[in-house]
Amino acid sequence: MDKINGKDLIKEFSLEDALENEGREISLSACVHKVKKMGGFAFVILRTGRYLIQTVYSPDDCADSIDGIKEGCFAAVTGIVKKDERAYNGIELTLKTIKLLHNPGNDYPLHVSARKLGCSLDVNLDNRSVSLRNPAEKAIFKFQEGVVSAFREFMLKNDFTEIHTPKIVAQGAEGGANIFRLEYFEQEAFLNQSPQFYKQAAVAFFDRVFEIAPVYRAEKHSTSRHLNEYIGLDFEMGFINDMYDVMNMETAMLRYMMSYLKENYAREIAVLGADIPEVTEIPCIRFEDAVTLIKGSKAKNKFDLEPEDEVFLCNWAKENHGTEFIFVTHFPSSKPPFYAMNDKDDPRTACKFDLLFRGLEITTGGQRIHDYNEQIEKMKAQGLDPDDFRSYLESHKYGLPPHGGLGIGLERLVMKLIGADNVRRTSMFPRDLNRLLP
């Protein structure tokens with residue numbers, strides 16, 4: 001055990017440690033998840049940060065009484081390890097001691113020890129400090145940890161540098177009304193809609209960068225797919241040939257991520273019933289062709305996809321290509337963002353793509369404009385004043401390599417992997433149109 005200042009560091013309980021110590025006595029501290037009294041003995045189910053551990057109490061084996069020990073108490077125990085395939089995670093402890101560490105003053109308002117909470121989403125979110133004690137609810141965010149860890153590990157293995165960019169900014173990357181304004185001393189400021197401007201600047205000195213951080217959108221939506229604060233998985237890479245280099249990088253990353261999740265988060269996958277896809281080749285379809293495929297020449301929106309369009313395209317990809325992913329490319333160049341490079345062969349379209357997965361857009365990306373004069377012209381074409389973006393344009397003025405990147409919505413990706421019905425379920429403390437607490 002590691003020491004600091006001569007004292008042992010407290011080590012988190014490891015199921016692997018227990019499995020390697022069958023027949024030996026181990027100690028752990030945990031929350032009492034459930035007590036099932038059976039007459040002359042009792043099962044005391046303990047909940048650690050990741051696992052449920054079944055312990056067996058008998059007055060013949062344990063020096064302490066379990067009177068007063070109930071669901072929600074925190075306790076320190078010692079017990080003899082016994083392997084038992086019928087028990088949680090394949091082990092059982094025969095209790096030798098059990099010491100009460102804390103007995104809360106109030107009972108849970110939810111059925112935490114149930115397999116599923118069985119309450120409405122609003123009740124779940126209103127009682128988040130309790131609902132997240134439920135193993136299935138908690139597993140969502142352990143699984144989410146795996147998604148983030150896989151993304152970071154892949155990026156580092158592929159020579160990306162992790163950066164941390166400001167979230168209080170003088171201008172928004174997307175502009176428009178969907179931006180939170182705040183008073184910053186004597187100036188007007190905004191919560192950043194994207195790390196886009198800073199990612200592009202960083203490509204000039206790091207070549208490849210990524211960030212995992214909050215993103216803010218003041219969209220007045222109250223749907224199952226929208227949050228006003230979410231976690232973005234962003235990367236930007238220099239010296240690309242075209243946007244397909246970015247798409248290929250994302251495909252490789254997703255392939256790595258799914259393998260990583262299966263290897264390291266099998267318990268959470270089982271608890272959640274998550275369906276982890278095989279990532280092979282991801283088909284591409286141009287936006288114009290997608291619109292024709294969906295609705296023919298009478299499509300009501302010829303600038304973007306509607307939610308039902310995304311569902312249609314994913315079903316089409318599954319039926320025709322055997323995958324639940326599909327890239328949609330070459331959106332109209334008149335549509336933001338202003339930093340998307342126009343296609344040289346067809347300037348009516350931009351080198352921009354979305355990645356759809358199981359009926360939902362999870363990624364937006366593309367090739368960016370790296371030439372200063374070209375960027376000025378695109379801004380003017382979209383009715384923007386380049387003087388409003390002087391700081392952003394400094395990077396272009398002093399030179400950028402051909403580059404591109406993307407942003408992935410973490411909560412949306414997790415939502416689709418675990419089959420959740422609402423993106424709020426995959427946000428630990430969601431912020432939306434109506435929710436600022438807890």
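Computed quantities for the displayed model
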{"quantity": "Subset of the stretch 133-181 that is of a type in the set (Lys, Arg) and not in a loop (DSSP other than H, G, I, E, B) - its residue that is surrounded by the most Cβ atoms within 10 Å (Cβ to Cβ)", "calculated": "LYS138"}
{"quantity": "Verdict on GLY105 being within 30 Å of LYS335 (Cβ to Cβ) and out of contact with any His (no Cβ under 9 Å at 6 or more places or on another chain)", "calculated": "no"}
{"quantity": "Residue in the stretch 397-411 that is out of contact with any Phe, Trp or Tyr (no Cβ under 6 Å at 6 or more places or on another chain) and more than 30 Å from TYR372 (Cβ to Cβ) present", "calculated": "yes"}
{"quantity": "Exclusive hit being buried (at least 19 other Cβ atoms within 10 Å of the Cβ), in a loop (DSSP other than H, G, I, E, B) and either at pLDDT below 95 or among the aliphatic types (A, V, I, L, M) (or both), set ILE240, ILE276, ILE326", "calculated": "ILE240"}
{"quantity": "Qualifying residue in the stretch 201-219 (condition: of a type in the set (Lys, Arg), touching a Gly at 6+ places or on another chain (Cβ under 7 Å) and farther than 30 Å from ALA266 by Cα)", "calculated": "yes"}
{"quantity": "Residue count for the stretch 290-313, restricted to those that are surrounded by fewer than 17 Cβ atoms within 10 Å (Cβ to Cβ) and at pLDDT 95 or above", "calculated": "1"}
{"quantity": "Residues (of a type outside the set (Asp, Glu) and under 17 Å from VAL130 (Cα atoms)) located in the stretch 52-83", "calculated": "LEU52, LYS70, GLY72, CYS73, PHE74"}
{"quantity": "Restricting the stretch 182-202 to residues that are in contact with a helix residue (DSSP H, G or I) (Cβ under 8 Å, 6 or more places away or on another chain) and closer than 23 Å to VAL148 by Cα, the residue that is surrounded by the most Cβ atoms within 10 Å (Cβ to Cβ)", "calculated": "GLN200"}
{"quantity": "Residues within the stretch 337-367 that are crowded, with 17+ Cβ neighbours inside 10 Å, more than 25 Å from the chain's Cα centre (by Cα) and not small (Gly, Ala, Ser), tallied", "calculated": "7"}
{"quantity": "Candidates ARG358, ARG267, ARG368, ARG348, filtered to the one that is basic (Lys, Arg) and touching a strand residue (DSSP E or B) at 6+ places or on another chain (Cβ under 6 Å)", "calculated": "ARG368"}
{"quantity": "Elements of type helices (runs of 4 or more DSSP H) contained in the stretch 329-423, each with 3 or more residues being over 18 Å from GLY232 (Cα atoms) and touching a residue at least 12 places away in the same chain (Cβ under 8 Å)", "calculated": "372-381, 390-397"}
{"quantity": "In the stretch 385-438, the residues that are under 19 Å from ILE231 (Cα atoms) and touching a His at 6+ places or on another chain (Cβ under 9 Å)", "calculated": "VAL423, ASP432, LEU433"}
{"quantity": "Filtered residues of the stretch 19-54 (kept if surrounded by 15 or more Cβ atoms within 10 Å (Cβ to Cβ), part of a loop (DSSP other than H, G, I, E, B) and either in contact with a Pro (Cβ under 6 Å, 6 or more places away or on another chain) or not hydrophobic (A, V, I, L, M, F, W, C) (or both))", "calculated": "THR48, ARG50, TYR51"}
{"quantity": "Within the stretch 213-237, considering residues that are over 22 Å from LEU433 (Cα atoms) and among the acidic types (Asp, Glu), the one surrounded by the fewest Cβ atoms within 10 Å (Cβ to Cβ)", "calculated": "ASP234"}
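The values are calculated or read from the model by the stated rules, or taken from the named source; none is laboratory data. For clarity, every value in this text was computed on a predicted model and none was experimentally measured. In this analysis, Cβ positions are derived from the backbone assuming ideal geometry, glycine residues included, and neighbour counts consider all displayed protein chains.
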